[in-house]
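What follows is calculated from the coordinates using simple rules that are stated; it is not laboratory data. Everything quoted here is computed from the prediction, not taken from an experiment. Every residue, glycine among them, receives a Cβ derived from its backbone with ideal geometry; neighbour counts consider all protein chains shown.
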Amino acid sequence: MRSVQIKPGIYWVGVNDRFTQFFEGLWPIGEEGVSYNSYLLVDEKNVLIDLAKSIKTDEFFEQIEQIIPVSKIDYVVINHMEPDHTGILTVLKKIAPHATILISEKGVKMLKAFYHIDENVKPVKDLEELRIGEKLLKFYYTPFVHWPETMMTYEVTHKVLFSCDGFGGYGALRGVLFDDECKDKDFYIKEMLRYYANIVATFSTPVLKAIEKLSSLPVQIIAPSHGLIWRENPGIVVDLYKKWAQYASSPAEKGVTLLYGSMYGNTERIMSSLLNGISKSGIAVDVFNVTQTHVSYILASLWKNRGVVIGAPTYEGSLFPPMADVLHMASVKHVQFKTAAIFGSYGWSGGASKRIREIIEPLKWQIVGVFDINGSPTNEDLQKIEEFGYDFARKIMEQP
Ligand code: FEO
């Protein structure tokens, strides 16, 4: 994509990443891609806000050169030190060595640790302002959205909030930069939820604090460092992030995430009956075979649904390992306030449901039903389980 002017003298100069298979080395983006949005402000002083991962370096600098020589950059604002926004910094410093890096006080030490840079670095304080000509920058510390050093930069004259990870999401740009030009916003919102559940969820309390801190700002454009730029109605993404952040401390939406794994089909048969019952209630349900779907996608569903059903066989006296991995990740991400049920088949000793309860115990999910079936389920078992599925879903639908 070529550089795009988003306000007078303010340009998007980012790059798309369709090469990386796993964001943070962990979360799949091979199909969806991601964008690293960088912004160039041209004024009496020229400012680059956030950079990109160390890919497509030539393309990144060509975008800037369409507007000004890279050597004419006076300031580089590092809102966040994670290398998806700073990877290009070392090369940039070679081309524009005099450029001053503006970073939060906590970021200074990280900058030194990651890139061994400590010259031409100016820490900025929370709420500090910097006039660069017609434009005025104001820095807002937003710690832990996503790392402790993270801040956002607000351009006062044109009311643009450069929010970095905040209000960002997966999904490479498809030739369209703005929400009002985008014909597949649902894709970006879905990928924003997955990004939230994967990357941001642990920091939901800091997200709510940041939203509160910024709430009085008149924002015309939210320009995050991943995904679409929101100018038609920037409040949409603020509301989404706020809603998802609240799921860390209260029940989420009235839907069910059904997780299962099966070795020879017995647990899968139980799952089918349970699913029949759940579906008869009319509630929305997402179904995942944990051996086939990456936990990244499962986390997004777990985060937004208040009902969880876990079905897995006993494996060597304990829990089917792929299910253990998913539940462990749910524990790492502090997925809480769930109403849950457990089922599975065992051959001799059992052990899966006990291990499930051990793993999720710190999350304090309310477990309302457990079905340990020896071998294959009987027709009576399946009938009973289907009825339970319906009752389980109704119970969730009737919650306040
Ligand atoms: Fe997009 Fe926390 O980096």
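Placing a label point 7 Å from the Cα of Ile68 along the Cα-to-Cβ line, the residues of segment 1-22 whose backbone N sits under 13 Å from it are 9-11.
For Val285, the residues whose amide H sits under 5 Å from its own are Val256, ignoring neighbours fewer than 5 places away on the same chain, with H placed 1.01 Å from N. The slack between Ser318 and Ser376, meaning 0.36 nm per residue of separation minus the straight C-alpha distance, is 19.1 nm.
Net charge dipole, segment 31-170: roughly 400 debye, given to the nearest 20, about the Cα centre with Cβ charges of +1 for Lys and Arg and -1 for Asp and Glu.
Between the helical axis of 295-304 and the longest alpha-carbon principal axis of the chain there is an angle of about 80 degrees. Pairs of Cα atoms in segment 4-246 fall into 10 Å distance bins, from 0 up to the last occupied one, in shares of 8, 35, 40, 16, 0 percent.
Hand me the trypsin sites (Lys or Arg not before Pro) from segment 56-126 located in a DSSP loop with no more than 11 other Cβ atoms within 10 Å, in residue order please. List each step's numbers first, then the result.
Values: sites: Lys56, Lys72, Lys93, Lys94, Lys106, Lys109, Lys112, Lys125; in loops: Lys56, Lys125.
Those that pass, being in a loop and sparsely packed, are Lys125.
Is the shape of segment 1-133 best called rounded, prolate or oblate, per the rule: a/c under 1.5 gives rounded, else a/b larger than b/c gives prolate, else oblate, with a ≥ b ≥ c the square roots of the Cα gyration tensor eigenvalues?
Numbers: a/c = 1.73, a/b = 1.19, b/c = 1.45.
The shape class here is oblate.
The modelled label-to-label distance for the pair Glu253/Glu181, using points 7 Å beyond Cα in the direction of Cβ, is 2.9 nm.
Placing a label point 7 Å from the Cα of Thr202 along the Cα-to-Cβ direction, the residues of segment 66-84 whose backbone N falls under 20 Å of that point are 80-84.
With r defined as the distance between the Cβ atoms of Lys112 and Thr57 and R0 fixed at 25 Å, what FRET efficiency is calculated, to the nearest 0.05?
On the way: r = 22 Å, r/R0 = 0.89.
That gives a FRET efficiency of 0.65.
Mind checking the dipole of the chain: about its Cα centre, +1 per Lys or Arg Cβ, -1 per Asp or Glu Cβ, Debye to the nearest 20?
Values: 42 positive and 47 negative charges, 116 e Å.
Dipole about the Cα centre, nearest 20: 560 debye.
In the chain, the calculated helix contribution to ellipticity at 222 nm averages -9500 deg cm²/dmol per residue, counting -39,500 (n - 2.57) for every DSSP H run with n ≥ 4.
For the chain, the longest principal axis of the Cα atoms and the long axis of helix 204-214 meet at an angle of about 40 degrees. Take every DSSP beta bridge whose two residues both sit in segment 249-400, then give the antiparallel share in percent to the nearest 5. So the antiparallel bridges amount to about 5 percent of the total. Per-residue packing, averaged as other Cβ atoms within 10 Å, sorts the ranges 161-169, 274-282, 207-215, 220-228 into the order 161-169, 220-228, 274-282, 207-215, beginning with the highest.
If you take the Cα centroid of segment 234-260 and the Cα centroid of segment 303-338, the two points sit 19 Å apart.
In order along segment 171-186, the Karplus-derived 3J(HN,Hα) couplings, from 6.51 cos²θ - 1.76 cosθ + 1.60 at θ = phi - 60°, round to x, 5, 6, 10, x, 10, 9, 9, 4, 6, 9, 8, 8, 10, 4, 4 Hz, and Gly and Pro are given as x. Near the amide H of Phe343, within less than 5 Å, lie the amide hydrogens of Ile310, Gly311, Ala312, Phe371, all on another chain or at least 5 residues away, with H placed in the peptide plane. Extension gain, Asn120-Arg2: 0.36 nm per intervening residue step, less the Cα-Cα distance, totals 39.5 nm. For the cross-link pairs Lys56/Lys333; Lys53/Lys109; Lys106/Lys364; Lys242/Lys364, the ones whose C-alpha atoms lie over 30 Å apart are Lys56/Lys333; Lys106/Lys364.
Counting only alpha carbon atoms, the long axis of helix 105-115 and the longest principal axis of the chain meet at about 90°. Please report, to two decimal places, log10 I(q)/I(0) for segment 253-397 at q = 0.14, 0.16 Å⁻¹ as given by the Debye formula with identical point scatterers on the Cα atoms and no solvent. The Cα Debye sum returns log10 ratios of -0.56, -0.75.
Using the number of other C-beta atoms within 10 angstrom as an exposure proxy, rank Ser318, Ser204 with the fewest first.
Details: Ser318 16, Ser204 23.
So the ranking, lowest neighbour count to highest, is Ser318, Ser204.
DSSP assigns beta bridges within segment 4-246; of those with both partners inside it, close to 60 percent run antiparallel. Under the rule a/c < 1.5 gives rounded, and otherwise a/b versus b/c splits prolate from oblate, where does segment 173-219 land using the Cα gyration tensor? Verdict is oblate for segment 173-219. Between the beta carbons of Asn289 and Asn233, assuming R0 = 35 Å, the FRET efficiency works out to 0.40 to the nearest 0.05. Between the amide H of Lys53 and those of Gly87, distances stay under 5 Å, these residues lying 5 or more places away or on another chain, with hydrogens modeled in the peptide plane. Rounded to the nearest 0.05, what FRET efficiency is calculated for Val156 and His98 with R0 set to 25 Å and r the Cβ-Cβ distance? Using R0 = 25 Å, I get an efficiency of 0.45.
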